[in-house]
Amino acid sequence: MRIHYLQHVPFEGIGSMETYFINCGCRLSSTQLYLDESFPELHDFDWLIVMGGPMGVADESQYTWMSKEKAFIKSSIESGKIVLGICLGAQLIAEALGAKVYKNYDREIGWFPIDIPEQVNNTILRGVFPQGIEVFHWHGETFDIPVSGILLASSKACQNQGFIVDNRIVGLQFHLETTLDSAKALVENCRNELDGSKFIQNEKEMLAQESRFLHINQVMIAVLERLRTQIIPNPAKPEPRRLN
């Protein structure tokens, strides 16, 4: 299994997913967009992961690589890849699928519970998200659910917390991959966003319990396991025929 991920800033990688993929024996590659690295050919990977970042989907004028990234994500979707987006990544996928992305009424940062709608039971993610589970958030924008998409979760601060399309394209507004160390990196680099608003916790609250991160990391593994079942293996190369 060949996994490729897009990273927008040096302090926001794939977190706990890296250990999972390494343990599974996957081939892991990346495009570090902030270094203006090139994208792979579509035939070089099976699964695309698009990570988060402090920029927005409308910031193409500030980030010269963003228009190319959007085209790459759309091509990956159209070619039948497994595609997973986290936070900004989910917003980019939503836009690629024709949905509107816009500023959420409240910024949401820290640990807040999510509600899981009944329709999730009609997808491959049935039973993955415990009802009312507290997950880690760090976002200020949101999206409409794409056509043919199914809502995965909601919170008090943000109605559309995730979606799944065709059982192979998943966008999550919240973070299940975040570890204690990666959360510390987010705080260090984006501390200016911790303004004490209604749905913004302080640094001490967010980082107090490592067990919280370990729990959501297990849920992340469950999501990855379900998506992994959707990868269509390459057909085996036929054995050469012996000529008599």
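Every read-out reported here was derived from the displayed coordinates using simple, explicitly stated rules and does not represent laboratory data. Bear in mind that the values here come from a model prediction, so they are computed numbers and not experimental data. Every residue, glycine among them, receives a Cβ derived from its backbone with ideal geometry; neighbour counts consider all protein chains shown.
A few points about this structure:
- Lysine pair count for region 2-228 [Cα-Cα under 20 Å; pairs on different chains or 8 or more apart]: 10
- Annotation for region 1-79 versus region 133-178: alpha-carbon center distance of 18 Å.
- Computed over region 2-228, the quotient of the alpha carbon radius of gyration and 2.2 N^0.38 Å is 0.93.
- Only helices reaching 20 angstrom along their own axis (Cα) with mean Kyte-Doolittle hydropathy no lower than 0.0 count here, and for the DSSP H runs of the chain these are 210-228.
- Cβ-based exposure ranking for 95, 193, 210, 108, in which fewest neighbours within 10 Å come first: 210, 193, 95, 108
- Build a GNM of the chain with springs between Cα atoms under 10 Å apart, and of 77, 221, 22 the one that fluctuates most is 22.
- Within region 1-158, antiparallel bridges make up roughly 40 percent of the DSSP beta bridges whose residues both belong there.
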